[in-house]
Amino acid sequence: MSNLKDILINKTICKSVWFMRQAGRYLPEFRKIRLQNKDFIKICLNSKLSSEITLQPIKRFDLDSAIIFSDILMVPYALGQNIEFLKDDGPQLSEFSLNTFINNDEKKFSRKLEPVYKAIEITRNELDKKKSLISFVGAPWTLLIYMLKLKKSKTEIDINKLNNSHSTINKILNDLNRYIMVHINNQIKAGADVVQIFDSWAGLAPNENLNSYIFKPNAKIIDFCKKGEIPAISYPKGIKEKYEDFNKIVKPDGINIDPEIDPLWAKEKLKNVVIQGGIDPKILLKSEEDIIETATKYIQTFKEIPYVLNLGHGLLPETDPVKVSKLISFYRNSYG
């Protein structure tokens, strides 16, 4: 077992494995809870239940790290937007009000998210001290996408709506950064060891806005983390070869690559950083032979540099937990 915090800080070549969305929708034990709890936000605000869900994959797979069961949209929730998760349609947010947004304060924000911090505290007490507890946040641009309802599809945003909101975009991004940092700090104080910053829709940002919408906001968060000695992993999904620029400008401790990034390219271009992930979650829907072949490619590519085995996105709902277990066993038996 290798502590993720130590790997990120010391850049050591150690074997470590965890998965994005490892707690949740693919596990029968989670589905049982979900059937009895229809309101997703209320689950996230139920400290004991959130902690129990966080620990489910640890108990099942003995993974090296736990990631707190929560959601990136807890930040806009705490800033005054109502959120409803609809089956097959994903999260639906109430109309954004700039007046409501700007009339927030850090104490009120923290109070609304106190159950999340309590869940971290409970989990840290239950979790093996040798295992890392990961907290997370959404990056400003990705949160903005949801808050302003800018996404038209997985590959397109409403450019007209973005341009019409241009005068307030920077104000929203700057304020979001401030509250994101508060949320990070509160999670670390509660007992988390590491933070992962999800810029899940970074690939939808117009090229001419990458610096102002993606690079600068993420760099501010990473700078905050470095000053607080908080190990941080960035995940700027979908930006293709711009991963190299992102890594040079933002300078995170770790960077999660997505399935579009060739591992050999990542090894050559992404320097002074711990590389994490990359494996397409869809591979886990295929045969055991396909899973082993793909995993071997990533493991062999990164065997001489710090690397954390993970996926290039979250585990899919239809994933068989048995295949997850086989991937973990293969990794540990062959390379652990």
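The values are calculated or read from the model by the stated rules, or taken from the named source; none is laboratory data. In this text, all values refer to a predicted model and were calculated from it rather than measured experimentally. All Cβ positions, even for glycine, are placed from backbone atoms using ideal geometry, and neighbour counts span all protein chains on display.
Details
- Boolean, Val250 is touching a Pro at 6+ places or on another chain (Cβ under 9 Å) and in contact (Cβ under 8 Å) with a residue 60 or more places away in the chain: no
- Scanning segment 184-207 for residues that are farther than 16 Å from Ile9 by Cα and outside any helix (DSSP H, G or I) yields Gly191, Ile197, Phe198, Asp199, Ser200, Trp201, Ala205, Pro206.
- Asp175 meets the conditions (1) over 20 Å from Asp223 (Cβ atoms); (2) surrounded by fewer than 19 Cβ atoms within 10 Å (Cβ to Cβ); (3) in contact (Cβ under 8 Å) with a residue 12 or more places away in the chain in every case but one. The failed one is (1).
- Taking each residue of segment 35-47 that is of a type outside the set (Lys, Arg) and looking for partners that are part of a loop (DSSP other than H, G, I, E, B) and modelled with pLDDT under 95 with beta-carbon atoms closer than 8 Å, six or more apart or interchain, yields Ile43/Asn37; Asn46/Asn37.
- Exclusive hit being touching a helix residue (DSSP H, G or I) at 6+ places or on another chain (Cβ under 8 Å) and either crowded, with 16+ Cβ neighbours inside 10 Å or not hydroxyl-bearing (Ser, Thr, Tyr) (or both), set Lys226, Lys242: Lys242
- Selection of first residues in segment 307-324 that are closer than 11 Å to Gly24 by Cα and of second residues that are of a type in the set (S, T, N, Q), restricted to Cβ pairs under 9 Å at least 6 apart or on distinct chains, gives the following pairs, ordered by first then second residue: Gly314/Gln22; Leu315/Gln22.
- Within segment 253-292, the residues that satisfy the criterion of being small (Gly, Ala, Ser) and within 16 Å of Leu309 (Cβ to Cβ) are Gly254, Ala266, Gly277, Gly278.
- Of the residues making up segment 125-158, those that are closer than 17 Å to Trp18 by Cβ and surrounded by fewer than 18 Cβ atoms within 10 Å (Cβ to Cβ) are Glu126, Asp128, Lys129, Lys130.
- Subset of segment 22-57 that is crowded, with 17+ Cβ neighbours inside 10 Å and outside any helix (DSSP H, G or I) - its residue that is modelled with the lowest pLDDT: Gly24
- If you check Leu162, Leu264, Leu210, Leu176 for being part of a helix (DSSP H, G or I) and modelled with pLDDT under 95, only one passes: Leu162.
- Residues that are in a loop (DSSP other than H, G, I, E, B) and under 18 Å from the mean Cα position of the chain (by Cα) within segment 62-115 comprise Leu63, Asp64, Ile68, Phe69, Ser70, Asp71, Ile72, Leu73, Leu113, listed in sequence order.
- Cβ separations smaller than 6 Å between residues 6+ apart or across chains give the following pairs from segment 59-80 residues that are more than 22 Å from Leu45 (Cα to Cα) to residues that are modelled with pLDDT under 95 and among the hydrophobic types (A, V, I, L, M, F, W, C): Asp64/Met1.
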